[in-house]
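**Q** One structure, as structure tokens, below. Some questions next.
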Amino acid sequence: MISPSPIECEMKRRHFLKNMAATSLLLIGCNIRVFADTHAPVNKLRLTDEQWRARLTPEQYAVLRFSETEYAGSSDLNQEYRAGTYVCAGCDLPLFKSVWKYDSRTGWPSYWDAIHEHLTTRKMIYAFRAPVEYRCARCDGHHGHIFDDGPQPTGLRYCSNGAALKFIPS
Ligand SMILES: [Zn+2]
């Protein structure tokens, strides 16, 4: 086997550094997200930005399509405790049952469990302690984050934006 010449080594080193730089830029461009898991397939709903704007209220659009967070205490769903189902405001996919809702005193509708196969989750790479984000599996709309300070039996708190949900009484 022939050892690589110094020039070859230098070329390889430059190639490696160039790839590293390109990868870094790609990560920054992608908002440094890691897609942790994707559950059972659901029929995807993909619309153009124009179609989403027409379909959603400005508040729903800001939360679902741009991952904004509504003001704490701003959602009427904070006071909603009737029996029923909470569905995605973007595509009507059922996400939470009313029996899982509880008062977390955070100002955001909170649930200790979810219909897992209807959610996807992801976690930011750069923030070690960042909570897991969850999205609607059908329309990929942003809904909220999962914290580990919820009640038993799961110990989880699905902290949701009320604007991203619609309540369907049973
Ligand atoms: Zn949806």
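The numbers here are math on the coordinates, done by the rules we state, and not lab data. It should be emphasised that the depicted structure is a prediction, and the values quoted were computed from it without experimental measurement. FYI the Cβ positions are ideal-geometry reconstructions off the backbone, even for glycines, and counts take in every protein chain you see.
**Q** Rank by packing, highest mean first: peptides 101-113, 76-88, with packing defined as the count of other Cβ atoms within 10 Å averaged across residues. Please report the intermediate quantities before stating the final value.
**A** Numbers: 101-113: 18.2, 76-88: 15.5.
Put in order of decreasing packing, that is 101-113, 76-88.
**Q** Sticking with this one: Please state the shape class of the range 51-157: rounded when a/c is under 1.5, otherwise prolate if a/b exceeds b/c and oblate if not, all from the C-alpha gyration tensor.
**A** Judged from the Cα gyration tensor, the range 51-157 comes out rounded (a/c under 1.5).
**Q** Return a single number: how many Lys pairs in the range 33-169, at a sequence separation of 8 or more or on separate chains, have alpha-carbon atoms below 22 angstrom apart.
**A** 5
**Q** Another question, then. What is the magnitude of the charge dipole of the range 33-169 about its Cα centre, with +1 placed on the Cβ of each Lys and Arg, -1 on the Cβ of each Asp and Glu, and no other charges, expressed in debye to the nearest 20? Numbers along the way, then the final one.
**A** Details: 17 positive and 16 negative charges, 48 e Å.
Result for the range 33-169 is approximately 220 debye, rounded to the nearest 20.
**Q** Turning to a different aspect of this structure: Starting with the fewest neighbours, write out V132, V99, V63 ranked by other beta-carbon atoms found within 10 Å of each beta-carbon.
**A** Values: V132 17, V99 11, V63 26.
By the 10 Å Cβ count, ascending, the order reads V99, V132, V63.
**Q** Let me ask something additional. Highest mean first, what order results for 91-97, 140-146 on Cβ atoms within 10 Å?
**A** Descending mean neighbour count gives 140-146, 91-97.
**Q** Under 5 Å between amide hydrogens, which residues at least 5 positions from V42 or on another chain qualify, with H placed 1.01 Å from N in the peptide plane?
**A** none
**Q** Next question. Evaluate the distance, in nm, between pseudo-label points positioned 7 Å from the Cα of S67 and of T48 along their respective Cα→Cβ axes.
**A** Taking the simple label geometry, S67 and T48 are separated by 2.5 nm.
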